[in-house]
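Peer 1: After the structure tokens below, expect a handful of questions from me.
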Amino acid sequence: MAAVIRSYVSLMDRLAEFIGAFAKYLIYLMIGVLLFDVVSDKAFGFVQNWTVETAQFTLAAFYFLAGPKTLKDDSHVRLDLIYANLSDRTKAWIDMITIWIVTFYLSVMLWGSISSLQYSWATNQRLPSLWAPSLVPIKILMTICLVLMILQCFAIFFKDLARARGKVVA
């Protein structure tokens, strides 16, 4: 691979690692918020109207932020019935094709998320609840994470291209 491509792949992999390292702590935040909700309700009789939605937003943020790391680590769901028996170079060729299908899918989702974000921004869209939090922040995060996943797909393509050519990929 050319030095520029190697640098790009390295940058995307480091970024995915950093984001993934941050995202894993969001689960603990979500558990803490839900634990606070239970304790405040059952022990003190104070019902909170923000905790469940905060936990939902935290889980959504975790899900979105985990996307680039999941792609980088190749830890997504895959049907290995036939794939597992193929040679490494054949797997690389198949992956070079399928990553463009994933990229297309993510691009369509990005298009939809941008449209949804524009609507939320223009209308100050809020959840229809007592707390009524704005949906703009989570939609911004969703859009950013979709861009990051698409960029990670490009890095994966370059790694697969090197593997298909018989090169060692770090």
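The values are calculated or read from the model by the stated rules, or taken from the named source; none is laboratory data. Being a predicted model, the structure only gives us computed values, none of them experimental. Here the Cβ positions follow ideal geometry from the backbone for every residue, glycine too, while neighbour counts run over all protein chains shown. Protein only, heavy atoms only, side chains kept; ligands, DNA and RNA dropped before computing areas. Shrake-Rupley method; radii C 1.70, N 1.55, O 1.52, S 1.80 Å.
Peer 1: Got a sec to turn the phi values of the stretch 11-19 into Karplus ³J(HN,Hα) couplings, 6.51 cos²θ - 1.76 cosθ + 1.60 with θ = phi - 60°, whole Hz, x for Gly and Pro?
Peer 2: 4, 5, 5, 5, 5, 4, 4, 4, 5
Peer 1: Roughly how much of F104 is accessible, in Å² to the nearest 10, using a 1.4 Å probe?
Peer 2: Here the residue's solvent-accessible area equals roughly 140 Å².
Peer 1: In the stretch 61-80, whose amide N lies under 18 Å from the spot 7 Å out along Cα-to-Cβ of Q125? List them in ranges.
Peer 2: In the stretch 61-80, the label zone of Q125 (backbone N under 18 Å from the point 7 Å along Cα→Cβ) covers 61, 64.
Peer 1: Over all distinct Cα pairs, what is the inverse of the mean 1/r for the chain, reported as the Kirkwood hydrodynamic radius in Å?
Peer 2: Working: mean 1/r = 0.0545 Å⁻¹.
Kirkwood radius, the chain: 18.4 Å.
Peer 1: Still on this structure, I have one more. Can you tell me the length gained on complete extension of the stretch N85 to Q118, counting 0.36 nm per residue apart and subtracting the Cα distance?
Peer 2: 7.3 nm
Peer 1: Order M109, M30, most accessible first, counting only protein heavy atoms with a 1.4 angstrom probe.
Peer 2: M109, M30
Peer 1: Then there's this: Considering lysine pairs in the stretch 39-170 that are 8 or more places apart or on different chains, how many have Cα atoms under 28 Å apart?
Peer 2: Eligible lysine pairs with Cα atoms under 28 Å apart amount to 11.
Peer 1: Additional query: Would you check the accessible area of K72, probe 1.4 Å, heavy atoms only, in square angstrom rounded to 10?
Peer 2: Surface accessible to solvent at K72 totals approximately 50 Å².
Peer 1: HN-Hα J couplings of the stretch 87-103 from phi, Karplus 6.51/-1.76/1.60, θ = phi - 60°, integer Hz, Gly and Pro as x?
Peer 2: 6, 4, 5, 5, 4, 4, 5, 5, 5, 5, 7, 5, 5, 6, 5, 4, 4
Peer 1: Now a separate question. With every protein chain present, what accessible area does D80 have (1.4 Å probe, heavy atoms only), rounded to the nearest 10 Å²?
Peer 2: We get 80 Å² for D80.
Peer 1: Of G112, L26, M96, which is farthest along the charge dipole of the chain in the positive direction, counting Lys and Arg as +1 and Asp and Glu as -1 at C-beta?
Peer 2: Farthest towards the positive end: M96.
Peer 1: Taking all protein chains together and a probe of 1.4 Å, list V136, V47, V38, V168 from the most accessible to the least accessible.
Peer 2: Details: V136 20, V47 115, V38 80, V168 145 Å².
So the residues, ranked largest to smallest area, are V168, V47, V38, V136.
Peer 1: Can you pull the percent of the stretch 4-64's accessible area that's carbon plus sulfur, 1.4 Å probe, other chains left in place?
Peer 2: Summing carbon and sulfur atoms, their accessible area is 74 percent of the total for the stretch 4-64.
Peer 1: Any idea what the dipole of the chain comes to, in debye rounded to 20, about its Cα centre with Lys/Arg Cβ at +1 and Asp/Glu Cβ at -1?
Peer 2: Magnitude of the dipole: close to 500 debye.
Peer 1: Please calculate how many Å² of accessible area the stretch 111-170 carries per residue, with a 1.4 Å probe and no DNA, RNA or ligand atoms counted. If you can, show how the numbers build up before the last one.
Peer 2: Working: 3420 Å² over 60 residues.
Normalised by residue count, the accessible surface of the stretch 111-170 is 57 Å².
Peer 1: Please check: in the Gaussian network model of the chain (C-alpha springs, under 10 Å), which one of L148, L106, L86 has the largest mean-square fluctuation.
Peer 2: Comparing L148, L106, L86 in the GNM, the peak value goes to L86.
Peer 1: Restricting to DSSP H runs of at least four residues, report the calculated mean residue ellipticity at 222 nm for the chain, -39500 (n - 2.57) per run over all residues, nearest 500 deg cm²/dmol.
Peer 2: After summing the helix terms and dividing by residue count, I get -27500 deg cm²/dmol.
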